[in-house]
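Report on one structure; see the data block that follows.
The values are calculated or read from the model by the stated rules, or taken from the named source; none is laboratory data. Small disclaimer: the values here were computed from a predicted structure and weren't measured. For neighbour counting, all protein chains shown are included, and Cβ atoms are generated from backbone atoms with ideal geometry for every residue, glycine included. Protein only, heavy atoms only, side chains kept; ligands, DNA and RNA dropped before computing areas. Shrake-Rupley method; radii C 1.70, N 1.55, O 1.52, S 1.80 Å.
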Amino acid sequence: MVEKIYVTYNQIHKLCQEAAPKILNEFKPNLMIAIGGGGYVPARILRSFLKQPGSPNIPIQAIGLSLYEQLSDGGPVEAPGTKVTRTQWLDLSSLEMANLIGKHVLIVDEVDDTRTTLEYAVRELEKDVETARKEQGRSEKTTFSIFVLHNKDKTKKGHLPAEMLENDRYIAAVTVGDVWICYPWEAEDIDEHDSMAAKQSI
Ligand code: 5GP
């Protein structure tokens, strides 16, 4: 059976707090894109720690991606590592995508497992922002960085741009083995979840 790790809200809060100085110094993000649903809570916590006196809060945009396998009867079933579907995306026709041009964009998710989701998010965002840049006749460069709470140390199916990894624009707060991480926002009984977490040391 796959080992389970229970992570509490407090632990997640502290992981975001500890990562914030490095994110501020190295990425200097002026926009976050949270991949739903796991990226929403970390992005919101991070925003508090990225706030600089005299500057406004960093805006958070949400995108939704899920991994599906298309069954022969046409019904989708969740099956990690197969096909990524957009459930929510930035509006290409409005200013949402154009708003990314020239920005330091931090993509936030909870876990990097097979890396399929992150590969899709980076590739598609880069493509769409490049289209918007050309359409607007602008020349500024957009840079994407990634923050995840947990990276699983395993062979990845998805790949990130070499330039992103070489320039250290990927931060995982914690690297774990190929375990199953139980996040607090998924818990049916949060007290039970927290007591499971208290019994472990990670
Ligand atoms: P990927 O395989 O594309 O890196 O991750 C796909 C998605 O699977 C993640 O965004 C997350 O929703 C889910 N996932 C993968 N590993 C875990 C895990 O250990 N715990 C939880 N709760 N979700 C996971």
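Quick notes on this structure:
- Once the 1.4 Å probe is applied to the protein heavy atoms, region 131-195 comes out at 58 Å² accessible per residue.
- With at most 16 neighbouring Cβ atoms within 10 Å, loop trypsin sites (Lys or Arg not before Pro) (DSSP) excluded, longest segment of the chain: 52-137
- Cα-based reach from K22 at 14 Å (exclusive), listing aspartates and glutamates while leaving out same-chain residues under 8 positions away: D168
- Projecting the Cα atoms of L106, T8, T85 onto the charge dipole of the chain (Cβ charges, centred on the Cα centre) puts L106 farthest toward the positive pole.
- Of the GluC sites (Glu not before Pro) found in region 1-54, the ones in coil according to DSSP and having at most 14 other Cβ atoms within 10 Å of their Cβ are E3.
- Under 23 Å from the Cα of K127 - lysines, other chains or at least 8 residues apart: K28, K83, K103, K141, K156, K157
- Shown for region 128-202: the carbon plus sulfur share of the solvent-accessible area, taken with all protein chains present and a 1.4 angstrom probe, equals 47%.
- Taking Cα centre as origin and charging only the Cβ of basic (Lys, Arg, +1) and acidic (Asp, Glu, -1) residues, the dipole magnitude of the chain rounds to 780 debye.
- The chain: translational diffusion in µm²/s, Stokes-Einstein, Kirkwood Rh over Cα pairs, 25 °C, 0.890 mPa s: 137 µm²/s
- Sequence-separation-based contact order of region 1-152, relative, with Cα cut under 8 Å and 6+ spacing, percent: 25 percent
- Applying the Kirkwood pairwise sum to the alpha-carbon positions of region 1-69 produces a hydrodynamic radius of 13.5 angstrom.
- Applying a length cut-off of 18 Å (Cα extent along the axis) and a mean Kyte-Doolittle floor of -1.0 to the DSSP H helices of the chain leaves 9-22.
- Largest first, the three principal axis extents of the alpha carbons in region 22-62 are 29, 19, 14 Å in whole numbers.
- Each stretch of four or more DSSP H residues adds -39500 (n - 2.57); spread over every residue of the chain, this sum gives -9500 deg cm²/dmol at 222 nm.
- Dipole of the chain, positive direction: furthest Cα of T175, P59, T143, with charges on the beta-carbon: T143
- Compactness of region 88-191 as Cα Rg over 2.2 N^0.38 Å, two decimals: 1.24
- Net charge over other residues, Cβ less than 9 angstrom from the Cβ of V176 (K, R count +1; D, E count -1): -1
- Kirkwood Rh (inverse of mean 1/r, distinct Cα pairs), region 132-171, angstrom: 12.6 Å
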